[in-house]
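Before any comments, here is the structure.
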Amino acid sequence: MDENERQSEDRGWDTAKTLAEALPYIQVYDRETVVIKYGGHAMGESAVARQFAADVVLLKLMGVNPVVVHGGGPQISAMLDKAGVKSSFVDGLRVTDRDTMAVAEMVLSGAVNKEIAHWITVAGKEADVRGIGLSGKDAGLLTVEKTKRTKRDPDSMIEHEVDLGFVGDPTRVDAKLLTRLLESDADWVPVIAPIGVAEDGQTYNVNADTVAGALAGELRAKRMLLLTDVPGVRGADGQIIRQMTVGEASRLIEDGVATGGMIPKLQTAMAAVRAGVEAVVILDGRRPHAMLVELFTEHGAGTLVKAA
Ligand SMILES: Nc1ncnc2c1ncn2[C@@H]1O[C@H](COP(=O)(O)OP(=O)(O)O)[C@@H](O)[C@H]1O
Ligand SMILES: CC(=O)N[C@@H](CCC(=O)OP(=O)(O)O)C(=O)O
């Protein structure tokens, strides 16, 4: 046996050892729902998206029920740039006028949603695992109301309302279709775009973390994984925090340590845990196999948020 063959054999034994060590975790997640928020920043190039899809298929074949909710913020911004439409954010939420709403829906429900569902179907072809692209508009999945935000003027200290336009907060999740898909013997993986509809029929743009949190709560998910472009949540000292309680997460926002897009992530994590999700993990979606490391190894990945 030459050196190459010996190294290849060693890798085989290492892989088998890793699989055997995963057995207790595979049992913990057997037939449990795991909501995965796949952020626009984590998508990067199509090779990264394909790797993500392959890992989702592996989860499904290992007995987990993955539900994917995707973002696409950078992709919306790129399309708005091309159209010459300026975009601004308040606390990580995109101010959404009528034109921005049209572009956001086109990018999220069209391009991004179908691409992710397609890659899952391609990666799962041999085992008949299929991605199904939906938005919150399908089958009355997500009802929202207009988001209300107030800001304190730093000079006068007077609170005033900020109009974010067509930005919504979930008020009701009708998960009947998802439950049917997950209970079915067919290996279907729902992929959901963060678009909702108000009672008056108006379409709203919803932060994808918020949608993932609402779904995870309604589906009583065992875990919610928020895949983003940082290795976890940093504390005031710049170090990644491995684990925190809901109270500690709230303090990071109050103290201004968590800013921008991390604010809706932590708010969502807190709401989901309060709604009965066992734990939420914020982790680096650009790293290959981050979800597998989190769910099936002793060390886990990223920052885990839980009740106490
Ligand atoms: N305390 C913090 N720890 C880690 N990241 C933070 C923190 N505060 C703000 N951030 C920012 O939050 C970003 C993640 O949010 P966002 O850009 O909305 O990601 P996504 O598109 O994946 O939802 C990080 O890239 C980082 O710049
Ligand atoms: C209201 C609001 O901010 N909606 C988001 C929806 C997409 C999203 O959340 O994408 P990421 O997860 O990639 O950031 C937006 O327009 O960017």
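The numbers here are math on the coordinates, done by the rules we state, and not lab data. Since this is a predicted model, take the numbers as computed values, not measurements. Don't worry about glycine lacking a Cβ; one is built from the backbone with ideal geometry, like all the others, and counts go over all protein chains shown.
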Given springs between every Cα pair under 10 Å in a Gaussian network model of the chain, which of Val69, Val257, Val129 has the largest fluctuation? Val257
May I ask what percent, to the nearest 5, of DSSP beta bridges between residues of the chain are antiparallel? 35 percent
Taking only the alpha carbons of region 118-249, what extent do you get along each of the three principal axes, in Å, biggest first? 62, 45, 24
Compute a Gaussian network model of the chain, connecting alpha carbons closer than 10 Å, and tell me which residue from Gly168, Gly247, Gly110 fluctuates the most. Gly247
One point scatterer per Cα, no solvent, Debye formula: log10 I(q)/I(0) for region 30-306 at q = 0.09, 0.12, 0.14 Å⁻¹ comes out as -0.39, -0.70, -0.97
Residues whose built amide H sits under 5 Å from the amide H of Val233, excluding neighbours closer than 5 in sequence, are Ile241, Thr303
Under 20 Å from the 7 Å Cα→Cβ point of Ala186, by amide nitrogen: which residues of region 107-131? 113-131
Considering only Ala198, Ala20, Ala104, give the residue with the highest GNM mean-square fluctuation for the chain, with springs between Cα atoms whenever their separation is below 10 Å. Ala20
Using the Karplus curve 6.51 cos²θ - 1.76 cosθ + 1.60 with θ = phi - 60°, work out ³J(HN,Hα) for each residue of region 294-303 in order, rounded to whole Hz, and write x for Gly and Pro. 5, 7, 10, 10, 5, 7, x, 9, x, 10
On C-alpha positions alone, give me the angle between the axis of helix 208-218 and the longest principal axis of the chain, in degrees, nearest 10. 70 degrees
Using 0.36 nm per residue of separation minus the Cα-Cα distance, give me the extension gain between Phe89 and Ile240 in nm, one decimal. 51.8 nm
Work out from phi, with θ = phi - 60° and the Karplus expression 6.51 cos²θ - 1.76 cosθ + 1.60, the ³J(HN,Hα) of each residue of region 184-189, listed in order in whole Hz, and give x for Gly and Pro. 5, 6, 5, 8, 9, 10
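Output the pairs from Lys17/Lys306; Lys146/Lys265; Lys114/Lys306; Lys17/Lys222; Lys86/Lys114 with a Cα-Cα distance over 28 Å in this structure; if there are none, say none. Don't skip to the answer; put the middle values down first.
Details: Lys17/Lys306 30 Å; Lys146/Lys265 19 Å; Lys114/Lys306 32 Å; Lys17/Lys222 26 Å; Lys86/Lys114 26 Å.
Pairs exceeding 28 Å: Lys17/Lys306; Lys114/Lys306.
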Using a cut-off of 9 Å between beta-carbons, work out the net charge of the residues near Thr143 (Lys and Arg +1, Asp and Glu -1, Thr143 not included). -2
